[in-house]
């Protein structure tokens with residue numbers, strides 16, 4: 001019988017499996033994923049990894065391996081204007097130095113394939129079983145274990161089933177866990193561009209009436225784009241020919257880094273707010289996007305998933321060390337309590353920011369621009385926001401988020 005069965009082989013599922021197995025090698029951990037084993041290699045997305053997530057990856061033993069592909073964010077610039085405005089004033093600037101004494105920036109941009117490759121290598125070394133092209137078809141929860149039906153007609157017995165299968169989680173629905181959902185009527189266009197001049201580690205978030213247009217530095221003269229548009233406009237842009245797409249891109253990106261060239265396929269993802277009403281049930285837990293899906297305006301979606309991993313892994317391992325049943329609701333409630341407030345707070349924060357900045361109402365534009373200007377002139381307040389973004393402030397954090405082993 002398995003101790004932990006993880007449904008979902010993305011960065012959340014793999015990092016949870018590695019974290020549990022690394023801290024408690026005697027536990028039997030398995031990961032199943034409906035995708036084939038090569039699908040992750042085609043994922044060209046890149047994510048902002050904040051200090052807390054970097055600490056977790058370091059504890060898991062993979063940060064040194066993926067760091068050569070990580071680009072430090074040395075500076076963050078925030079602007080607010082219309083697309084046609086001749087001048088784009090900078091209202092707020094954050095220097096990239098983190099609050100710690102290690103000289104590390106508060107965030108790095110890291111390709112998802114590098115994170116996944118490092119986690120897969122570590123999982124194999126630790127003896128984590130991974131089944132690709134295998135989906136969960138159903139499960140039945142008993143008093144001492146859960147029987148999980150897999151595609152192909154096989155079954156697995158496990159003490160704990162963890163759903164890491166994304167924002168449209170089928171397992172969440174199977175478990176009867178309801179959600180709070182809101183569709184923003186926006187889609188995020190994701191692609192990678194190459195430019196003539198170096199970005200010097202600068203990330204920029206340009207607030208436009210349709211939504212934020214973020215340029216995030218990658219290694220070399222490349223940047224990752226997260227371009228928010230109304231859903232119908234995003235669909236039109238993604239389906240347009242290269243000339244139209246690059247012309248619209250240049251109108252938003254500008255010419256500060258010289259000529260642009262799209263070097264990755266463009267994709268659009270619908271944006272909304274999804275919050276699970278519960279994170280746990282008997283012998284069942286949600287983690288990552290299965291528990292929460294938020295707007296990318298703050299770049300915190302992936303980092304929320306890593307926080308889930310740190311909290312759930314610590315809950316499982318400490319319960320096992322105490323001889324407790326790792327699938328009992330009384331044990332799993334610690335994880336839910338740990339993560340629920342932070343998740344709801346971040347979801348509400350991104351919701352308010354998106355509503356405040358994704359519009360063209362003059363009174364609101366004046367109000368938000370004045371607010372950004374005030375923050376820019378108060379170093380103490382800017383430092384507070386950086387510490388919040390790093391994810392290491394306050395007390396009671398899971399140990400891996402501050403660089404400690406479980």
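Observations
- Scanning the range 165-218 for residues that are within 23 Å of residue 42 (Cβ to Cβ) and part of a loop (DSSP other than H, G, I, E, B) returns 165, 166, 167, 168, 169.
- Qualifying residue in the range 328-337 (condition: part of a loop (DSSP other than H, G, I, E, B), surrounded by 13 or more Cβ atoms within 10 Å (Cβ to Cβ) and either in contact with a strand residue (DSSP E or B) (Cβ under 8 Å, 6 or more places away or on another chain) or modelled with pLDDT under 95 (or both)): no
- Among residues of the range 303-337, those that are more than 18 Å from residue 55 (Cα to Cα) and in contact (Cβ under 8 Å) with a residue 24 or more places away in the chain, counted: 14
- Leading residue by the ranking (surrounded by the most Cβ atoms within 10 Å (Cβ to Cβ)) among those in the range 37-65 that are touching a residue at least 24 places away in the same chain (Cβ under 8 Å) and assigned to a loop (DSSP other than H, G, I, E, B): 60
- Residues that are in contact with a strand residue (DSSP E or B) (Cβ under 9 Å, 6 or more places away or on another chain) and either at pLDDT below 65 or more than 30 Å from residue 62 (Cβ to Cβ) (or both), drawn from the range 90-102: 90, 91, 92, 93, 96, 97, 98
- Filter pass, residue 68 being outside any strand (DSSP E or B), at pLDDT below 85 and either touching a strand residue (DSSP E or B) at 6+ places or on another chain (Cβ under 6 Å) or surrounded by fewer than 14 Cβ atoms within 10 Å (Cβ to Cβ) (or both): no
- Restricting 236, 252 to residues that are assigned to a helix (DSSP H, G or I) and under 25 Å from the mean Cα position of the chain (by Cα) narrows the list to 252.
- Evaluation of residue 370 against (1) assigned to a loop (DSSP other than H, G, I, E, B); (2) modelled with pLDDT under 70 (one fails), failing number: (1)
- Filtered by the rule that a residue be without any contact (Cβ under 8 Å) to a residue 40 or more places away in the chain, surrounded by 13 or more Cβ atoms within 10 Å (Cβ to Cβ) and touching a helix residue (DSSP H, G or I) at 6+ places or on another chain (Cβ under 8 Å), the range 241-268 gives 245, 248.
- Any hit, the range 301-317, residues being over 21 Å from residue 116 (Cα atoms), surrounded by fewer than 20 Cβ atoms within 10 Å (Cβ to Cβ) and touching a strand residue (DSSP E or B) at 6+ places or on another chain (Cβ under 9 Å): no
- Restricting attention to the range 290-300, the residues being in contact with a helix residue (DSSP H, G or I) (Cβ under 7 Å, 6 or more places away or on another chain) and not in a strand (DSSP E or B) number 7.
- The one condition in (1) surrounded by 15 or more Cβ atoms within 10 Å (Cβ to Cβ); (2) modelled with pLDDT of 95 or more that residue 105 fails to fulfil: (2)
- Taking the range 145-157 as the range and being touching a residue at least 40 places away in the same chain (Cβ under 8 Å) and either within 13 Å of residue 32 (Cα to Cα) or surrounded by fewer than 17 Cβ atoms within 10 Å (Cβ to Cβ) (or both) as the test, the residues that pass are 148, 150, 151, 156, 157.
- Among residues of the range 158-185 that are touching a residue at least 24 places away in the same chain (Cβ under 8 Å) and at positive phi, those with a beta-carbon under 8 Å from a residue that is part of a helix (DSSP H, G or I) and surrounded by fewer than 20 Cβ atoms within 10 Å (Cβ to Cβ) at least six positions away or on a different chain give the pairs 185/231.
- The condition of being part of a strand (DSSP E or B), within 24 Å of residue 4 (Cβ to Cβ), over 16 Å from the mean Cα position of the chain (by Cα) and in contact (Cβ under 8 Å) with a residue 60 or more places away in the chain holds for only one of 278, 285, that being 285.
- Residues of the range 109-125 that are crowded, with 17+ Cβ neighbours inside 10 Å and either within 29 Å of residue 25 (Cβ to Cβ) or at pLDDT below 95 (or both): 110, 111, 113, 114, 115, 116, 117, 118, 119, 120, 122, 123.
- Criterion (at pLDDT 95 or above and surrounded by fewer than 20 Cβ atoms within 10 Å (Cβ to Cβ)) met by exactly one of 274, 231: 231
- Criterion: crowded, with 16+ Cβ neighbours inside 10 Å and either modelled with pLDDT of 95 or more or not in a strand (DSSP E or B) (or both) - qualifying residue of 87, 4, 77: 4
- Single residue of 381, 401 found to be modelled with pLDDT under 90 and either in a helix (DSSP H, G or I) or buried (at least 16 other Cβ atoms within 10 Å of the Cβ) (or both): 381
- Here the range 206-228 is the region considered, the condition is being out of contact with any strand residue (DSSP E or B) (no Cβ under 7 Å at 6 or more places or on another chain) and surrounded by fewer than 18 Cβ atoms within 10 Å (Cβ to Cβ), and the residue that is nearest to residue 196 (Cα to Cα) is 220.
The values are calculated or read from the model by the stated rules, or taken from the named source; none is laboratory data. Please read these numbers as outputs of a predicted model, since none were measured by experiment. Positions of Cβ are backbone-derived with ideal geometry, glycine not excepted, and every protein chain shown enters the neighbour counts.
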